[in-house]
1. Among Glu110, Glu230, rank each residue by its count of other Cβ atoms within 10 Å, from fewest to most, as a rough exposure measure.
2. Suppose the chain between Val191 and Thr84 were pulled fully straight at 0.36 nm per residue; how much longer would it get relative to their current alpha carbon spacing?
3. By count of other Cβ within 10 Å, fewest leading, how are Lys211, Lys150 ordered?
4. Given the peptides 199-206, 71-78, arrange them by the average over their residues of other C-beta atoms within 10 Å, most packed first.
5. Obtain the nm distance between the two label points defined at Leu77 and Lys61 by a simple spin-label model: each point lies 7 Å from its Cα along the Cα-to-C-beta direction.
6. Arrange the following residues from fewest to most other Cβ atoms within 10 Å of their Cβ: Ile96, Ile216, Ile87.
7. Pull out the extension gain between Asp231 and Ser69, defined as 0.36 nm times the separation in residues minus the alpha carbon to alpha carbon distance; nm, one decimal.
Amino acid sequence: MNLIRVNRPELSRRHFIKLSGLSSMSFLLGGCGTPIFEDVVGKLSEPLNQKLEAFILKPQKPVPEFSPSEIEPEGLLINSFRYTPIIDPAKYRLIIDGEVNNPLSLSLAEIQSLPLTSMIIRHVCVEGWAAIVQWGGVRLQEIVALAQPKANIRYAYFKSADGYYSSWDIASSLHPQTLLVYQKNGEPLPVENGAPLRLASPVKLGYKQSKWVTQITLVSQLSPLRGYWEDQGYEWFAGL
């Protein structure tokens with residue numbers, strides 16, 4: 001199979017600061033399954049969140065990872081939304097659009113031709129459980145750079161094959177440990193865990209880590225629809 005080779009423009013330091021300067025990680029809002037988290041769900045406005053985030057997030061500071069011996073192979077529970085979509089990897093396309101200069105439609109093979117990044121992190125669910133997992137894939141910032149975003153983008157929308165949707169601040173999206181993954185614990189990502197491609201990051205709660213991702217839209221403004229669970233009262237930023 002012939003792959004389309006694309007040049008990978010780098011996000012300059014100045015461009016990164018412009019994109020991420022108004023966003024940050026609000027771990028002050030509480031953790032998974034704790035009373036403080038339950039108290040703030042649906043009660044803090046998104047603008048207030050962003051003011052708090054601006055003082056907290058260190059957009060390129062790595063989160064400490066775990067050792068291979070700490071991986072919990074059976075710890076990652078399967079949460080379904082509507083159904084489990086079955087996607088033919090040979091026909092899969094990832095659309096990247098919005099306020100970008102170079103809209104993209106990437107095959108799985110093209111995504112897998114980008115540098116592989118592996119990390120061992122704790123996946124934290126809002127339902128109160130957690131699991132240490134090894135994820136492998138491509139940094140989301142690599143994909144964003146390929147799309148050549150305009151300097152005013154502040155958010156990324158993620159759409160999934162099962163109808164799920166969510167939105168992130170751009171700083172968390174560009175965090176070096178925010179990945180689009182196609183491996184779990186050194187093996188191909190199982191369908192029930194989001195194959196062929198899902199989000200994984202140590203800076204967000206589990207409901208922000210969309211499975212079966214098919215489209216990423218980069219924008220400067222949030223729409224009234226901000227996420228499936230967020231629109232039902234869950235905290236928008238959902239940082240750790």
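1. By the 10 Å Cβ count, ascending, the order reads Glu110, Glu230.
2. Extra length available between Val191 and Thr84 comes to 37.8 nm.
3. Arranged by neighbour count, lowest to highest, Lys211, Lys150 become Lys150, Lys211.
4. 199-206, 71-78
5. 3.1 nm
6. In order of increasing Cβ crowding within 10 Å: Ile87, Ile96, Ile216.
7. My answer for the length gained is 54.5 nm.
Values in this text are rule-based calculations from the coordinates and carry no lab data. This is a predicted model, so every value here is computed, not measured. Here Cβ is always computed from backbone atoms with ideal geometry, including for glycine, and neighbour counts include all displayed protein chains.
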